[in-house]
Structures are given as C-alpha cells and as structure tokens.
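The values are calculated or read from the model by the stated rules, or taken from the named source; none is laboratory data. Bear in mind the structure is a predicted one, so any value in this text is a computation, not a measurement. Virtual Cβ from ideal backbone geometry, glycine too; neighbours counted across all protein chains shown.
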Amino acid sequence: MSTGKFIVIEGMEGAGKSSAIAVIERILKQHDIEYINTREPGGTPLAESLRTIVKSVDHQEILTVETELFLMYASRSQLLANKILPALAAGKWVIGDRHDLSSRAYQGGGRGFDETIMNTISDITLKGFRPDITLYLDIDPHIGLSRAKARGDLDRIELEQMDFFIRVHNKYQEIASQDSTIVTVDAAQSMADVHLDIEKSVLEFIAKTALD
Ligand code: TMP
C-alpha cells in the first residue's frame, strides 16, 4: 500500500481556509481517497490543550514570544507523532489546517525569530518531514483582519497590531515565492474563483501522484 499525502492549507486570518478545506474534502471524496483532517495548533487531546493556552486572552501574566514559539512546536510534535505519521503510513491522506509555514510566518516573520532559530526548532520537531503540497491563500492583512473581526471575538494573536500582520504577510509571500511545493492562491478574488483555483491545483496534484 502506498503512503498517503499531506496537503496543507495556509493563510492569514480571514483568508477563507475553512471553505477551501471543504473544497479539498469534496475532491478527495470524489476520488475515493480516504483522509483525515488536522488543525494546528491542536489536533490531538494534548495539542488542543496547548491551542487553548496559545489562543486565550485570559492569562494572568504575559505569554512570552519564546513560550508561544515552543507551544506551537510542542503541539506540532504531538500531532505529527500521534496523528499525521500514523495516518500517512496507513495510506490515508491528511488535510492540514496550517502547519510549519504558519510558524515561519507568525513566529519567524511576526515575532522576529531569525531563520537559524526557526530551522533549528523545526528540524528538531519535524526531522525533515514536509507537506507534499501547500495551498497558501494570499490575502491583504487589512482585508483578512476585517473579515475575521466581522466573525466575532478575536483570540490573543488576532488582537496584535497591524504591523505584526504585515510582517506575517511579508514572510508568507517571501517563503511561498521560493518554494515550489507552495501554491499561492489569490484569496481576494470572488469565492467562486478562489475555489476554482484550489480545485485546479488539487486535481493536478492528484493526477501527478497517480503517476508516482
Ligand atoms: P486559527 O487556526 O483559528 O487560524 O488560529 C490559529 C492562530 O495561531 C492563528 O492566529 C495563527 C497562529 N499560529 C501561529 O502563530 N503559529 C503557528 O505555528 C500556528 C500553527 C498558528
């Protein structure tokens, strides 16, 4: 049995990740491909507890940027070992709502951890493991944040200032432009066009994997 594939959806708040994931699920179902969904931070009981800590605005003390960084990777380590790798080994595909690229963008770009630090902690955690394809939904942070605000209560990270999100966005674009496994989708288009782009990329990817 061949191993499954790891498809990741990335993008800033308000980019439309949830509806993009629904499009991918529909296509995988049409192709009779078994899959599981993951989200980061989170995705296992322990990692979900870490997600709650990371997102909470109710701490009695400041959550340092170093703690935030380690919590993201602690969560990722739990998810990789307990869900992603076993699913892939069993031949299932994994649709990831965020993965390492989020840490590169938010902690690397947004918080300013340099590339050496990011590479080191990523290597310790992932040991070279990478998604097979990442669909990055690119949205201007002003538009994305106003969509997220319209949705309701903002979490601790969503409450950051605009300059933080501009740094996150710049880092996303920088990394996406240098990595051929990342497909950038213009998320400012109409939802129908965004979904068409996603569909095209996923169908191409499925066709390519069938030849492997
Ligand atoms: P979301 O999954 O609901 O978008 O919330 C996750 C939040 O955590 C979002 O603001 C992005 C942030 N985040 C990081 O800062 N670093 C990471 O590595 C991940 C996975 C998420």
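Do we have LEU154 as in a loop (DSSP other than H, G, I, E, B), modelled with pLDDT under 95, within 15 Å of the ligand (Cβ to nearest atom) and loosely packed, with under 15 Cβ neighbours inside 10 Å here? Against the criterion (in a loop (DSSP other than H, G, I, E, B), modelled with pLDDT under 95, within 15 Å of the ligand (Cβ to nearest atom) and loosely packed, with under 15 Cβ neighbours inside 10 Å), LEU154 does not qualify. Residues considered: THR116, THR181, THR134, THR120. Of these, the only one that is in contact with a strand residue (DSSP E or B) (Cβ under 8 Å, 6 or more places away or on another chain) and loosely packed, with under 15 Cβ neighbours inside 10 Å is THR181.
The residue that is surrounded by the fewest Cβ atoms within 10 Å (Cβ to Cβ), among those in the stretch 10-50 that are among the hydrophobic types (A, V, I, L, M, F, W, C) and under 21 Å from MET72 (Cβ atoms), is LEU46. Note on the stretch 71-107: residues that are more than 20 Å from ILE175 (Cα to Cα) and either assigned to a helix (DSSP H, G or I) or within 13 Å of the ligand (Cβ to nearest atom) (or both) total 16. Just to be sure I understand, how many residues within the stretch 159-212 are farther than 30 Å from GLN107 by Cβ, of a type in the set (D, E, K, R) and not in a helix (DSSP H, G or I)? Going through the stretch 159-212 one residue at a time, the tally reaches 1. Is there a residue being part of a loop (DSSP other than H, G, I, E, B) and not hydrophobic (A, V, I, L, M, F, W, C) anywhere in the stretch 113-125? Within the stretch 113-125, one or more residues are part of a loop (DSSP other than H, G, I, E, B) and not hydrophobic (A, V, I, L, M, F, W, C). A search for C-beta distances below 9 Å between a residue of the stretch 52-81 that is closer than 17 Å to ARG104 by Cα and any residue that is more than 11 Å from the ligand (Cβ to nearest atom) and acidic (Asp, Glu), counting only pairs 6+ apart in sequence or on different chains, returns SER75/GLU48.
Report, by residue number, each residue of the stretch 46-65 that is among the acidic types (Asp, Glu) and either away from the ligand (no atom under 13 Å from the Cβ) or at positive phi (or both). Across the stretch 46-65, the qualifying residues are ASP58, GLU61.
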